[in-house]
Amino acid sequence: MPHALSPADPAAPPDAAAYAFTRRTWVPAAPAALFDLISDVSMISTWSPSAHDVAYDDGDGPWPGAHFRGRNRRGEREWGSRSRVVESLPGSVFAFDVDDIVRWRWTFRADGTGTVVEQSWQLLRLDPVLGGTRQDLDALRDHMATSVEDTLLALARWIAERGGTAGTAGTADADDTAGTDGT
């Protein structure tokens, strides 16, 4: 009798939905100002160690359905990507899908004299470009989590250096919304 594969079975194909996380930090700025910075996609390379040369397509901007292109790097690899804005609520949320493979979502929530900024990453579907094994996907998720933590800390420092409340910016917290086993 053939062995039936289950999601917990290491031989089962990976489940894309199991690859997601959220990280957050407190930033000494208003939600609307942070939304404006993040939704200006050309600014992301100011903070992100992984993205650069990002720009909206001609005539597009921070609204649902808009497209932008950018360059990404991971180690020695570099590649281009095309993204589509899927959610945009000024002062609250900015989300986009990259090549219909990954969703990035930023949220902004007022907290005292600043804002809690959350950045989430969610794998939407498996794709050979990401690798075909759980180990490949685990390594990708771990790399992206580190990149997000670096981005959030750099954003908090950048804001603080420009007149924000010093001494409280730059505390990143982890929230793995789904581990590789879906828990």
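The values are calculated or read from the model by the stated rules, or taken from the named source; none is laboratory data. Nothing here was measured: the structure is a model prediction, and the numbers come from that model. Neighbour counts are summed over all protein chains in view; Cβ atoms, including those assigned to glycine, are modelled from backbone coordinates with ideal geometry. Remember, those area values only see protein heavy atoms, side chains included, never the ligands or the DNA or RNA. Shrake-Rupley method; radii C 1.70, N 1.55, O 1.52, S 1.80 Å.
Points to keep in mind about this one:
- Of the Cα atoms belonging to the stretch 76-129, the radius of gyration and Dmax stand at 13.8, 44 Å.
- Accessible surface of GLU149 - all protein chains present, 1.4 Å probe, nearest 10 Å²: 60 Å²
- Whole-percent pair-distance distribution, where bins are 10 Å wide, for the alpha carbons of the stretch 113-156: 23, 44, 24, 8, 1
- Each peptide among 128-140, 30-42 gets the average number of other Cβ atoms lying within 10 Å of its residues, and from highest to lowest they stand as 30-42, 128-140.
- Sorting SER45, SER81 on solvent-accessible area from highest to lowest, probe radius 1.4 Å, gives SER45, SER81.
- Spin-label model, ILE101/ARG74: points 7 Å from Cα along the beta carbon direction are separated by 0.7 nm.
- Measuring r between the beta carbons of THR113 and ASP40 and using R0 = 22 Å, the FRET efficiency lands at 0.45.
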